[in-house]
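Let me begin by presenting the structure, written as structure tokens, before commenting on it.
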Amino acid sequence: MKSIAEIDILERAHNLGAKTLGDAADSLLARWHSGMRDNETFIRLAFLCWYSRSEPNGYNGLSDTLPNVDELIDELGGLSSVSAESKFVLAALATGFPWCLGEEKRWAHLALQLPEDVRILEPKSVVFSEWRYIFGFQEDSKALRHELYSEFHARFDGRGYMGIYLQSVFGRRVGF
């Protein structure tokens, strides 16, 4: 069974043009099915399941048969079992393509509810408190840009293709 570090290498290879996300997803699924339901396995697998539905899979190596995120959340024990940071990531993904996570109306609603819940759960996080700015719902941020940049970078750098994606899509608002 591959470690998260080994899976990270597969995911980063995609950024260099290799069709390796399918291998990464298979490795994450193997961890998941063997009972390794840690937060990193969950959120990276959930991201790849979402990505397989939001992008054409011909160039990334992902399968069309990956489970949907709602199934993973059910297997984890429900949304209350998902970490605050993972809820933030899921909300970010739901802002553009809610149907790629599960039932569209539910995820469109959760895209706005989850980050508010996370903001309350972790009030010291600048990223979580400025979620409206990061997601593009608000033009200005009350936080200093270097604070947003530092925390965003610390949270998502080195997190495989999910981290690369989040930094490229949402990080541009914080200075990437």
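Here are the numbers:
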| item | result |
| --- | --- |
| Hits in region 54-74 - residues which are of a type in the set (Gly, Ala, Ser), open to solvent by 40 Å² or more (accessible area, probe 1.4 Å) and either part of a loop (DSSP other than H, G, I, E, B) or at pLDDT 95 or above (or both) | Ser63 |
| Residue under evaluation Asp140, criteria (1) within 26 Å of Ala25 (Cβ to Cβ); (2) not in a helix (DSSP H, G or I), criterion not met | (1) |
| Residue check for His146: closer than 19 Å to Ala84 by Cβ and free of Cβ contacts under 8 Å to residues at least 40 places away in the same chain | no |
| Only listed residue being open to solvent by 10 Å² or more (accessible area, probe 1.4 Å), at pLDDT 95 or above and not charged (D, E, K, R), chosen from Gly77, Gly96 | Gly77 |
| When residues of region 126-142 are limited to those that are over 19 Å from Pro98 (Cα atoms) and surrounded by fewer than 17 Cβ atoms within 10 Å (Cβ to Cβ), the one nearest to the chain's Cα centre (by Cα) | Gln138 |
| Sole residue being under 29 Å from Pro67 (Cα atoms) and in a loop (DSSP other than H, G, I, E, B), chosen from Gly163, Gly102 | Gly102 |
| Search result, residues across region 12-53 that are part of a helix (DSSP H, G or I) and at pLDDT below 95 | Arg12, Ala13, His14, Asn15 |
| Top-ranked residue in region 153-173 [being of a type in the set (Gly, Ala, Ser) and in contact (Cβ under 8 Å) with a residue 40 or more places away in the chain; ranked as surrounded by the fewest Cβ atoms within 10 Å (Cβ to Cβ)] | Gly158 |
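The values are calculated or read from the model by the stated rules, or taken from the named source; none is laboratory data. These figures come from a predicted structure and were not determined experimentally. Note that we place each Cβ from the backbone using ideal geometry, even for glycine, and neighbour counts take in every protein chain shown. In case anyone asks, the SASA skips ligands and DNA or RNA and just uses the protein heavy atoms, side chains included. Shrake-Rupley method; radii C 1.70, N 1.55, O 1.52, S 1.80 Å.
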